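Input: a single structure, listed below in structure tokens.
The values are calculated or read from the model by the stated rules, or taken from the named source; none is laboratory data. Fair warning: this is a prediction, and the values are worked out from it, not measured in the lab. Don't worry about glycine lacking a Cβ; one is built from the backbone with ideal geometry, like all the others, and counts go over all protein chains shown. Just the protein is used for accessible areas: all its heavy atoms, side chains included, with ligands, DNA and RNA removed. Shrake-Rupley method; radii C 1.70, N 1.55, O 1.52, S 1.80 Å.
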Amino acid sequence: MPWTTIIKSRREWETVPNLHDYESIRVHFTWEQARQDLEGLPRNQGLNIAHEAVDRHANGARAAHLAIRWLGKNGTVEDYSYNRLNELTNRFANVLQRLGVGRGDRVFVLAGRIPELYIAALGTFKNRSMFCPLFSAFGPEPIRARLSIGQAKVLVTTTSLYQRKVAAIRAAIPSLEQILLIGEDRQPTAIAGTQDLTALMQQASPSFAIGPTDPEDMALLHFTSGTTGTPKGAMHVHQAVVAHHMTGKYALDFHKDDVFWCTADPGWVTGTSYGIIAPLTNGITSIVDEGDFDAERWYRILQEERVTVWYTAPTAIRMMMKGGAELVRKYDLRHLRLLASVGEPLNPEAVVWGQEAFGQPFHDNWWQTETGGIMIANYAAMDIRPGSMGRPLPGIEAAIVHRTEAGTIDVITKPGEQGELALRPGWPSMFRGYWNEPERYQKCFAGGWYLTGDLAKKDEDGYFWFVGRADDVIKTSGHLIGPFEVESVLIEHKAVAEAGVIGKPDPVAMEVIKAFVSLKDGYEPSDELRRELLGFARARLGAAVAPKEIAFLPTLPKTRSGKIMRRLLKARELGLPEGDTSTLEGAS
Ligand code: ATP
Ligand code: MG
């Protein structure tokens with residue numbers, strides 16, 4: 001196993017972790033019981049995400065508790081108590097009803113992280129329509145494609161995004177009946193063929209009774225990140241909320257007085273499951289920052305808002321590492337209790353850097369748009385093996401499997417052996433399909449397992465280790481190599497900020513490993529540094545696994561959710577078509 005150090009979890013707790021005894025809680029856990037933590041709609045009318053996230057707190061002891069604190073990019077602060085959020089989301093649900101938007105209809109939102117996005121999401125759940133978030137940085141074509149694939153009925157957006165990105169493509173989406181615009185500073189807006197959302201909200205009633213909601217009613221349509229190909233529209237149902245709630249409690253260790261900050265944009269599933277739903281169902285305070293990444297701004301937010309639980313992503317952590325640990329230590333971050341990360345493999349170096357800069361490690365966890373919620377995690381009360389994704393949540397059965405040529409599935413039981421990561425279907429937030437692609441959905445299941453498309457290993461103590469995406473694995477001289485291992489070694493070098501590794505076809509070795517690196521501030525590309533990095537990697541990885549070539553890039557191509565797009569590095573290297581680049585950061 002690639003780990004050499006273990007970061008021991010604290011032994012003395014001011015706040016005892018919810019999952020303080022992993023083994024015993026796991027053994028006794030059932031999803032039926034987890035559902036008892038939620039209220040359900042009055043008069044046994046089913047289960048609705050928004051009722052659990054908003055109404056039950058607004059109607060109870062937490063009505064005045066701060067649900068969302070919104071930090072505008074220009075310094076504005078807006079506070080939304082559970083009560084206020086309830087009124088506003090009721091108004092939005094009434095707006096939808098008045099416009100004839102019904103159960104299962106798709107309501108898309110194209111907006112930055114502004115309060116209306118959160119209100120529209122929750123109001124859409126109340127109306128039992130399907131919420132579909134889009135990244136505001138998408139250009140007209142990715143917007144058109146998703147609206148059209150998802151047969152959007154309503155689009156909520158801002159006047160400026162509408163004019164720049166939607167007006168020209170609108171005619172190409174015949175299903176789109178309503179466009180609800182948010183004017184600049186919520187000022188009235190009057191553009192032909194659209195409605196002014198602020199005015200509609202003012203006219204709407206602040207009361208709304210959520211109708212009967214079957215736990216299997218569709219709630220969310222979420223497009224995947226497009227890291228490996230064309231994004232797929234994963235569908236989720238209302239009872240996914242049981243998993244959102246439970247994973248918030250166990251993996252993110254939510255306690256009732258927590259101030260939680262998830263840095264993800266709701267255009268990416270993390271920003272919905274954990275940026276909207278999970279903190280609210282747990283009745284805690286969630287920070288929403290409209291601004292983009294800026295290390296010092298982020299440390300200031302952590303300090304000023306007294307954030308206790310923080311959920312971010314490897315790319316952001318690597319960018320913070322660039323700025324150094326001293327900068328972090330200038331801030332008073334004594335309230336921070338748990339640091340968590342998701343989205344990409346978290347290099348051991350980054351886990352350990354957390355310890356150096358924040359006095360505690362980052363806790364990596366693994367999941368996918370398809371799984372709807374966290375599946376494998378490092379928990380507050382568990383020792384961390386840097387580089388490992390941790391262990392499966394209670395209620396989740398994970399295994400390493402091998403697909404045989406006959407199409408059957410063999411479970412690999414030998415510790416340390418590499419195979420595909422598989423999950424036993426049946427958890428509440430498992431996707432219920434890819435929108436309009438039933439065959440693709442079917443192909444994800446075999447032998448009673450959901451096959452994730454990721455390769456991993458499991459060690460003798462049940463910790464899972466990410467190897468790479470099945471599509472990214474490199475075959476060289478008879479070895480199967482995951483890019484993560486090679487990238488993690490490269491970023492241990494003091495000059496390297498980021499690394500992306502691909503396999504390049506080779507007549508002898510089948511593939512040779514090529515690495516692309518970007519450098520930290522203060523370092524310049526040179527042949528000498530290239531030779532040094534090649535030697536550095538060879539000394540640590542051995543000649544078979546070390547890269548044979550290294551190229552310097554100012555930055556690596558990434559998705560808007562911050563994932564390195566190895567398929568693009570490869571296509572560019574080989575002069576092949578780039579494929580779907582709709583989610584590429586910086587593209588429009
Ligand atoms: P697409 O499916 O369109 O190619 P994507 O898989 O990147 O895009 P997401 O659903 O956002 O879309 O990402 C899930 C994937 O991200 C996982 O399958 C895994 O490859 C990677 N991932 C997420 N968290 C981790 C983690 N902690 N360690 C390693 N990989 C992770
Ligand atoms: Mg995927």
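Measuring against 29 Å, Cα to Cα, the residue pairs Lys457/Lys520; Lys520/Lys563; Lys232/Lys494; Lys443/Lys558 contain Lys457/Lys520; Lys232/Lys494 as the ones spanning a longer distance. Averaging the Cα positions of each part gives two centres, and for segment 54-121 and segment 193-256 these lie 11 Å apart. Other residues lying with their Cβ under 12 Å from the Cβ of Gly104 contribute a combined charge of 0, Lys and Arg counting +1, Asp and Glu -1.
Amide H to amide H distances under 5 Å link Ala551 with Ala515, Phe516, Val517, where only residues 5 or more positions off or on other chains count and H is placed in the peptide plane.
Modelled spin labels at Arg306 and Leu576, positioned 7 Å past Cα toward Cβ, are 5.4 nm from each other.
Around the Cα centre of the chain, unit charges on the Cβ atoms of Lys, Arg, Asp and Glu (plus for the first two, minus for the last two) sum to a dipole of about 640 debye. Computed from Cα positions, the angle between helix 314-323 and the longest principal axis of the chain comes to roughly 70 degrees. In the chain, the longest principal axis of the Cα atoms and the axis of helix 140-149 are about 70 degrees apart. Under 5 Å from the amide H of Val259 lie the amide H atoms of Thr308, Val309, each residue being 5 or more positions distant or on a separate chain, with H modelled from the backbone and absent for Pro and chain starts.
Note on Ala406 and Glu326: their simple-model spin labels are 6.5 nm apart, each label 7 Å out from Cα toward Cβ. Dipole magnitude for segment 531-588: about 220 debye, using +1 per Lys or Arg Cβ and -1 per Asp or Glu Cβ, origin at the Cα centre. If the segment from Asp521 to Asn59 were pulled out straight at 0.36 nm per residue, it would be longer than the present Cα-Cα gap by 161.1 nm. Segment 377-437 and segment 467-497 have their alpha-carbon centroids 21 Å apart. Counting only heavy atoms of the protein chains and using a 1.4 Å probe, Lys73 has close to 120 Å² of accessible surface. Counting only protein heavy atoms and using a 1.4 Å probe, what share of the accessible area of the chain belongs to carbon plus sulfur, as a whole percent? Answer for the chain: carbon and sulfur cover 48 percent of the accessible area. Computed from the C-beta positions of Ser205 and Glu290 and an R0 of 22 Å, the FRET efficiency is 0.15 to the nearest 0.05.
At a probe radius of 1.4 angstrom, the accessible area of segment 242-323 per residue rounds to 24 square angstrom. Placing R0 at 25 angstrom, the Cβ-Cβ distance between Ser148 and Trp31 gives a FRET efficiency of 0.10 after rounding to 0.05. Sequentially through segment 65-72, phi angles give Karplus couplings (6.51, -1.76, 1.60; θ = phi - 60°) of 5, 6, 8, 10, 9, 9, 10, x Hz, Gly and Pro residues having no value and appearing as x.
Computed from backbone phi with θ = phi - 60° and the Karplus coefficients 6.51, -1.76 and 1.60, the 3J(HN,Hα) list for segment 504-513 is 10, x, 8, x, 8, 8, 6, 9, 10, 8 Hz; x is used for glycine and proline.
The protection proxy used here, the mean number of other Cβ atoms lying within 10 Å of each residue, ranks peptides 398-410, 139-151, 341-353 as follows, highest first: 341-353, 139-151, 398-410. Across every direction, the projection of the convex hull enclosing the Cα atoms of segment 22-455 has a mean area of 20.9 nm². In the chain, helices alone account for a calculated mean residue ellipticity at 222 nm of -7000 deg cm²/dmol, with every DSSP H run of four or more residues adding -39,500 (n - 2.57).
For Lys153, the lysines whose Cα comes closer than 18 Å to its Cα, not counting residues fewer than 8 places off in the same chain, are Lys126, Lys165. Computed from backbone phi, the HN-Hα couplings of segment 354-368 come to x, 4, 5, 8, 10, x, 7, x, 6, 9, 6, 9, 10, 6, 9 Hz, rounded to whole numbers (Karplus: 6.51 cos²θ - 1.76 cosθ + 1.60, θ = phi - 60°; Gly and Pro given as x).
With R₀ fixed at 51 Å, the C-beta to C-beta distance from Glu216 to Glu12 puts the FRET efficiency at about 0.70. Take segment 483-578 with all the other protein chains still there, run a 1.4 Å probe, and you get 44 Å² of accessible area per residue.
The angle between the Cα long axis of helix 115-126 and the longest principal axis of the Cα atoms of the chain comes to about 70 degrees, rounded to the nearest 10. Count Lys and Arg as plus one, Asp and Glu as minus one, and take only other residues whose Cβ is under 14 Å from that of Glu460; the net charge is then +2.
Solvent exposure of segment 49-183 amounts to 32 Å² per residue of accessible area, where only protein heavy atoms count and the probe is 1.4 Å. Could you pull out every residue, at least 5 positions away or on a different chain, whose amide H is within less than 5 Å of the one on Thr158? Hs are placed 1.01 Å off N in the peptide plane, and Pro or chain starts have none. So Thr158 has HN proximity to Ile182.
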